[in-house]
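The values are calculated or read from the model by the stated rules, or taken from the named source; none is laboratory data. Please read these numbers as outputs of a predicted model, since none were measured by experiment. Using ideal geometry, Cβ is built from the backbone for each residue, glycine included, and neighbour counts are taken over all protein chains shown.
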Amino acid sequence: MKYIKKAIKNLEKKKVNCKLDKNYILPYNFNFFNYEDYKEFKHNQMNVNPYAFYAEGLKAIIKNKPNKDYLQSLSQLKQIKSKNGDWIKQAFVYSSMIRSSSSYDHDQDGQIKLCNDDGFKESGTFLKQIFILSYLKDMGIDTIYLLPFFENSKEFKKGEFGSCYAIRNIFTLDDTLYDPLLDELTLLEQAKAFFEACHILDMRVIIDIIPRTAAIDSTLIKENPDWFYWIDAAFKDDYKLPYYKHIKQLVPPNKKNMELVYQDPSTKKFLSHFCYDPKTSDSEKYTNLVKQCEATNENLLEAIEKEFGVIVAPAFSDWINDPQPVWSDVTYTRMYLDNNELAMCHIEEGHPPYLFFDSAKSSMHPCLKINTELWNKLTNIVPFYQKELGLDGVRIDMGHALPLALVDGIIKEAKKIDSDICFIAEELDISNAKTLKKQGYNMILGNGFSEESRIQQGKLQAFYRRVPNLACPVFALSESHDTSRVSAKTGKKELNIMLSALNLFLPNGVAFINSGQELFEVQPMNLGLDCEESERYNLPKDDPRYNKLALFDPFYFTYNDYDPRLINMLKILKDIRKEYLVAISTRNRHIAASFQSDDIYALGSYLINKDKTLLIVANTDLNNEHEYTSNLEVLTNKTKQQIKSIKEIYSTADNPIPPVQNQNTLFLPFKKGEVKLIEIK
């Protein structure tokens, strides 16, 4: 707890000099330690001396805790027997983007500023993120999944702040997460204090790494311009992928489709705009240009464009005929230094390195000459942060598109340091679960965000049936940072409550809440998956966050003004879920409930413990009440035990009607969208 103690010392020193006429407004949610020295402010908020408030909160976190090195994984810290990362099977994960998740309008002027008129940072910081941990833990959350917090591009950016996925340097941190309240701690030390706090509170931390892409102005370019793809600067305004009319709307870049693409004349025209990198073109001239830029502080990319007439090629979707525009803030790195076998049949020898569907999807199209230096750097990302921060898990962004040997190297290097580190694959197709498990992943992202809310099409029911039988777990989620908000869909809050309850108990599912979901936020953080452009306007026009997306813009969540129903439900259900975690995560300890009708709205599972069973069952019809009849023989045939008692222990509905048993039949009256938890002994 070295860095938390250093932070306390820093805050204690400065609190006496904080002018009391300055406002520093916080929601009560941050006050997990019953701090009393504040002035009440409207709408469930308080005005505090930030130095005193944060100092006392940090003291509360470390009170009576052993003075250990908390910058190691929780498994190492507690000397837990390694499960090879499979601890994730029983986790409850909260996805968080620090810049937004802990931001707050401290002066209440309706804006989120990097420095407000009182000199305080309002966007999220590592320090402020510590103060939402207890709020999350109260809901049963035990694992924080952090979106990228690395140095990102400020020059080539989308929105006001830029995307956290447009990474300039993955080995340095995003300076917007630095809190000037802790001016005696470096940015890295503030991050260390956050990781210490997580582990002190028995919470694990998963980070998101992005080996496939880099910001257009990546810091790697200066020394290694040949690791990137370059195009004629004259082509930059017209840079886009050809549309292939003879190919159906949207297809993957497999060998069959790539053969058709390479034969199309528009491909040759597109590839003709690629050029050699400036260092390869003229090494001496490039070296002198770099020295000149260092001496004059001139922008290197602008100088390259002026002197060599080339620019870095922006990235794009690796699907053929994908209508989305090019990704103007990021590019792909060169995983290989040669072309794949198919490309060699169509591309003349000596053609400059080019970016195309196959080079973007190198998992499908491996080459012979590995870019060894780049791979070494990429395989060192996780070990670097294991040593610096003691992380517990990793999600590999777009790992399915990376060379399999590179993914294998990333996992193996991390396992050398901590065999219990978990790896999550960004794989949406759940039919690939077995393949990803063989590659070393512990679980996959899955497609719950697109399936769960499509109830009338039967997709929720199909998802609920398939997940328990997959080779590895998937996230039990109804939204993510890339998708629509579930509370903005048909059914709104009631849909969110129903799906969140079901997801806590989905067999072989890893429970997941997206930042702001617990507050019923309706504004998506991004429009990346299963979204419409119109959703950026979900909020009223007079809301300061109207037309803003948290991944790119200043944003905050309504911690002071929200419907508490979902949070209250999670607080109640956490202890019940804990009792049945082994059943949720263990094959043959759960079975699907059987109903005496083909009604698509009835959904349920039995979670079997030694002495009792939990039936989680739902009426997924949000518009109508129903009565379902369930055959209990499916349970008794499994357990070989007689049923002695049945008791409803929780319902999401007000004034629920309890179930009625008649021998091996259970009559279940349901209100709209109701989820019941029934304990059977």
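Got at least one residue in the range 152-160 being among the charged types (D, E, K, R), assigned by TED's automatic domain parsing to the domain that holds residue 547 and touching a helix residue (DSSP H, G or I) at 6+ places or on another chain (Cβ under 7 Å)?
The initial filter retains those residues of the range 152-160 that are among the charged types (D, E, K, R), namely 154-155, 157-158, 160.
So of that shortlist, the ones also assigned by TED's automatic domain parsing to the domain that holds residue 547 come out as 154-155, 157-158, 160.
Retained after the next criterion (residues that are touching a helix residue (DSSP H, G or I) at 6+ places or on another chain (Cβ under 7 Å)): none.
For the range 152-160, residues among the charged types (D, E, K, R), assigned by TED's automatic domain parsing to the domain that holds residue 547 and touching a helix residue (DSSP H, G or I) at 6+ places or on another chain (Cβ under 7 Å): absent.
Looking only at the range 434-478, which residues are among the aliphatic types (A, V, I, L, M) and farther than 26 Å from residue 386 by Cα?
Selection gives 455, 460, 462, 467, 470, 471, 476, 477.
Taking the range 287-319, which residues are farther than 26 Å from residue 212 by Cα and exposed (fewer than 14 other Cβ atoms within 10 Å of the Cβ)?
Within the range 287-319, 287, 288, 291, 292, 294, 295, 296, 297, 298, 306 meet the criteria.
Hey, among 511, 501, 471, which residue is in a helix (DSSP H, G or I) and either small (Gly, Ala, Ser) or closer than 23 Å to residue 556 by Cβ (or both)?
Result: 501 is the single residue among 511, 501, 471 that is in a helix (DSSP H, G or I) and either small (Gly, Ala, Ser) or closer than 23 Å to residue 556 by Cβ (or both).
Within the range 412-458, restricting attention to residues that are closer than 18 Å to residue 473 by Cα and basic (Lys, Arg), which residue is surrounded by the most Cβ atoms within 10 Å (Cβ to Cβ)?
Within the range 412-458, the first condition is being closer than 18 Å to residue 473 by Cα, and the residues that meet it are 420-452.
Pick out the ones that are also basic (Lys, Arg) and you get 434, 437-438.
Values: 434: 10, 437: 17, 438: 10.
So the residue we want is 437.
Give 454, 466, 395 a once-over and let me know the one that is in a helix (DSSP H, G or I), of a type outside the set (S, T, N, Q) and at pLDDT 95 or above.
On the way: 454 fails: in a helix (DSSP H, G or I); 395 fails: in a helix (DSSP H, G or I).
When all the criteria are applied, what remains is 466.
Residues are listed down the side, and each one gets a yes or a no for (1) out of contact with any Leu (no Cβ under 9 Å at 6 or more places or on another chain); (2) over 29 Å from residue 424 (Cα atoms); (3) buried (at least 24 other Cβ atoms within 10 Å of the Cβ); (4) aliphatic (A, V, I, L, M):
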{"position": "76", "(1), (2), (3), (4)": "yes, no, no, no"}
{"position": "96", "(1), (2), (3), (4)": "no, no, yes, no"}
{"position": "112", "(1), (2), (3), (4)": "yes, yes, yes, yes"}
{"position": "117", "(1), (2), (3), (4)": "yes, yes, no, no"}
{"position": "126", "(1), (2), (3), (4)": "no, no, yes, no"}
{"position": "138", "(1), (2), (3), (4)": "no, no, no, no"}
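Let me confirm something: among 17, 67, which residue is exposed (fewer than 13 other Cβ atoms within 10 Å of the Cβ) and within 13 Å of residue 196 (Cα to Cα)?
Going through 17, 67 in turn, just one is exposed (fewer than 13 other Cβ atoms within 10 Å of the Cβ) and within 13 Å of residue 196 (Cα to Cα): 67.
Return the pairs, sorted by first residue and then second, in which the second residue is of a type in the set (D, E, K, R), the first residue lies in the range 28-55 and is assigned to a strand (DSSP E or B), the beta carbons are less than 6 Å apart, and the residues are 6+ apart or on different chains.
The qualifying pairs are 47/39.
Here are some conditions: (1) in the same structural domain as residue 487 (by TED's automatic domain parsing); (2) crowded, with 17+ Cβ neighbours inside 10 Å; (3) not polar (S, T, N, Q). Residue 544 meets all but one. Which one does it not meet?
Residue 544 satisfies every listed condition except (2).
Name the one entry in 153, 134 that is farther than 21 Å from residue 105 by Cα and of a type in the set (S, T, N, Q).
153
For the range 249-286, give me each residue that is exposed (fewer than 12 other Cβ atoms within 10 Å of the Cβ) and without any contact (Cβ under 8 Å) to a residue 40 or more places away in the chain.
Hits for the range 249-286 are 256, 265, 269, 283, 284.
Checking the condition more than 19 Å from residue 332 (Cα to Cα) and β-branched (Val, Ile, Thr), which residue from 304, 247, 231 passes?
Among 304, 247, 231, only 247 is more than 19 Å from residue 332 (Cα to Cα) and β-branched (Val, Ile, Thr).
Scan the range 150-167 and give yes if some residue there is buried (at least 23 other Cβ atoms within 10 Å of the Cβ), in contact with a Phe, Trp or Tyr (Cβ under 6 Å, 6 or more places away or on another chain) and under 30 Å from residue 362 (Cβ atoms), otherwise no.
Scanning the range 150-167, I find at least one residue that is buried (at least 23 other Cβ atoms within 10 Å of the Cβ), in contact with a Phe, Trp or Tyr (Cβ under 6 Å, 6 or more places away or on another chain) and under 30 Å from residue 362 (Cβ atoms), so the answer is yes.
Sort out which residues of the range 340-378 are of a type in the set (Asp, Glu) and farther than 14 Å from residue 226 by Cα, and write them in order of number. Lay out the reasoning, then the answer.
Looking only at the range 340-378, we keep the residues that are of a type in the set (Asp, Glu), and these are 341, 348-349, 358, 373.
Within the range 340-378, 341, 348, 349, 358 qualify.
For the range 360-378, does any single residue satisfy the condition of being of a type in the set (Gly, Ala, Ser) and either surrounded by fewer than 16 Cβ atoms within 10 Å (Cβ to Cβ) or more than 25 Å from the chain's Cα centre (by Cα) (or both)?
no
Would you check if there is a residue in the range 334-342 being surrounded by 15 or more Cβ atoms within 10 Å (Cβ to Cβ), in a strand (DSSP E or B) and not polar (S, T, N, Q)?
Yes, the range 334-342 contains a residue that is surrounded by 15 or more Cβ atoms within 10 Å (Cβ to Cβ), in a strand (DSSP E or B) and not polar (S, T, N, Q).
Test residue 637 against the stated conditions and say whether it is assigned by TED's automatic domain parsing to the domain that holds residue 598 and under 20 Å from residue 458 (Cα atoms).
Here the answer is no, as residue 637 does not meet what is asked.
What number of residues in the range 227-248 are surrounded by fewer than 13 Cβ atoms within 10 Å (Cβ to Cβ) and aliphatic (A, V, I, L, M)?
1
Would you confirm whether or not the range 209-221 contains a residue that is touching an Asp or Glu at 6+ places or on another chain (Cβ under 9 Å), closer than 30 Å to residue 8 by Cα and touching a residue at least 40 places away in the same chain (Cβ under 8 Å)?
No: the range 209-221 contains no residue that is touching an Asp or Glu at 6+ places or on another chain (Cβ under 9 Å), closer than 30 Å to residue 8 by Cα and touching a residue at least 40 places away in the same chain (Cβ under 8 Å).
Look through 488, 476 and report the one residue that is over 13 Å from residue 620 (Cβ atoms), touching an Asp or Glu at 6+ places or on another chain (Cβ under 8 Å) and at pLDDT 95 or above.
Being over 13 Å from residue 620 (Cβ atoms), touching an Asp or Glu at 6+ places or on another chain (Cβ under 8 Å) and at pLDDT 95 or above holds for just one of 488, 476, which is 488.
Condition test on residue 620, is it hydroxyl-bearing (Ser, Thr, Tyr), over 31 Å from the mean Cα position of the chain (by Cα), crowded, with 16+ Cβ neighbours inside 10 Å and modelled with pLDDT of 95 or more?
In short, no.
When both residues are 6+ apart or on different chains and their Cβ atoms are under 9 Å apart, which pairs have a first residue that lies in the range 418-444 and is closer than 21 Å to residue 206 by Cα, and a second that is of a type in the set (Ser, Thr, Tyr) and assigned to a helix (DSSP H, G or I)?
418/75; 419/75; 420/75; 421/75; 427/435; 428/450
Could you please find all residues in the range 60-77 being assigned to a helix (DSSP H, G or I) and hydroxyl-bearing (Ser, Thr, Tyr)?
75 - this is the single residue of the range 60-77 that is assigned to a helix (DSSP H, G or I) and hydroxyl-bearing (Ser, Thr, Tyr).
Out of all the residues in the range 485-503, which are within 19 Å of the chain's Cα centre (by Cα) and buried (at least 24 other Cβ atoms within 10 Å of the Cβ)?
Selection gives 486, 487, 496, 499, 500.
Taking the range 650-679, which residues are assigned to a strand (DSSP E or B) and touching a helix residue (DSSP H, G or I) at 6+ places or on another chain (Cβ under 7 Å)?
Scanning the range 650-679 gives 650, 675, 677.
Got a sec? Which of 52, 60, 91 is within 29 Å of residue 551 (Cα to Cα) and modelled with pLDDT of 95 or more?
Just one listed residue meets the conditions, 91.
Take residue 101 and tell me if it is closer than 18 Å to residue 28 by Cα, surrounded by 23 or more Cβ atoms within 10 Å (Cβ to Cβ) and touching a residue at least 40 places away in the same chain (Cβ under 8 Å).
So residue 101 fits the description; yes.
When you scan the range 319-331, do you find a residue that is out of contact with any His (no Cβ under 8 Å at 6 or more places or on another chain), assigned to a helix (DSSP H, G or I) and either of a type outside the set (S, T, N, Q) or closer than 18 Å to residue 397 by Cβ (or both), even just one?
Looking for residues that are out of contact with any His (no Cβ under 8 Å at 6 or more places or on another chain), assigned to a helix (DSSP H, G or I) and either of a type outside the set (S, T, N, Q) or closer than 18 Å to residue 397 by Cβ (or both), one finds none in the range 319-331, hence no.
Residues that are in contact with a helix residue (DSSP H, G or I) (Cβ under 8 Å, 6 or more places away or on another chain), polar (S, T, N, Q), surrounded by fewer than 17 Cβ atoms within 10 Å (Cβ to Cβ) and at positive phi: does the range 34-47 have at least one? Explain how you work it out, then say what you get.
Taking the range 34-47 as the starting set, the residues that turn out to be in contact with a helix residue (DSSP H, G or I) (Cβ under 8 Å, 6 or more places away or on another chain) are 35, 37-38, 44-46.
If we keep only those that are polar (S, T, N, Q) too, we end up with 44-45.
Then drop every residue that is not surrounded by fewer than 17 Cβ atoms within 10 Å (Cβ to Cβ), which leaves 44.
Subset that is at positive phi: 44.
Yes - at least one qualifying residue is present in the range 34-47.
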